[in-house]
Amino acid sequence: MKLSTYNPNNADKIEQLFIKTFSDSEGQSEGEVIGHLVREFMDSTDVNDLHCFIATEDEQIIGSIFFTRMIFESGINAFILSPVATHTDHQGKGVGQKLINFGLTALKENGVELAITYGDPNFYSKVGFSVITEQVVPAPQKLEQPEGWLAQSLVGDEIEPITGKSHCVEALNKPELW
């Protein structure tokens, strides 16, 4: 398995990976929503506000993750991890965890201080994320499942509370995604 930064020429393949993965696990409509989200990330998010990483095996994309910028009034350099997809045939083999760790290392090397995600605490705790509250890190939208709000410091052990509002990239700034 090879881990790398995505190439924009692979945008269609990445979009299809997310559609298939989420359709298989959550249903066709969710697959289309997430596929549209990642396409919007790739087509309209400023390159300075987007990191996409892929896992390939035998020249096929088997996994992909996106990190997009979170903006806080305090100025902390932060990105949110969402979404993550591992091809259905490759799930349970550690692809997602390796890809996330690869991405977190790249973010850290680029001076990012905080990584945030919104998902399954059981999965994301395996790659260093811990459950937080919105009093510690404010979410940009109302969270449907606050128990899935997680973060990890990339510069130290403890996450200091962040005051003020937060904002995410436009593609992610939709209440139905939260």
Segment 97-140: C-alpha gyration tensor shape, a/c 1.5 cut-off, then a/b vs b/c: oblate
Suppose every K and R has +1 on its Cβ and every D and E has -1 on its Cβ; what is the size of the dipole of the chain about the Cα centre, in Debye to the nearest 20? 260
0 to 90° range, to nearest 10: angle between helix 28-44 axis and the chain longest Cα axis: 70
FRET efficiency for residue 93 and residue 43, Cβ-Cβ distance as r, R0 = 22 Å, nearest 0.05? 0.15
Over all alpha-carbon pairs of segment 56-143, lay out the pair-distance distribution in 10 Å bins, whole %, shortest bin first. 15, 48, 29, 8, 1
Using alpha carbons only, how many degrees (0 to 90, rounded to 10) separate the axis of helix 11-26 from the longest principal axis of the chain? 80
Measuring from the longest principal axis of the C-alpha atoms of the chain, the long axis of helix 95-109 (C-alpha) lies at a number of degrees, nearest 10, equal to 50
With N set to the residue count of segment 2-177, report its C-alpha Rg divided by 2.2 N^0.38 Å to two decimal places. 0.97
Compute the distance in nm between two label points, each set 7 Å from the Cα along the Cα-to-Cβ direction, one at residue 16 and one at residue 131. 3.9
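Coordinate-derived values only; no laboratory data. As the structure is a computational prediction, the values presented were derived from the model and not from experiment. Ideal geometry is used to build each Cβ from the backbone, glycine not excepted, and the neighbour counts take in all protein chains shown.
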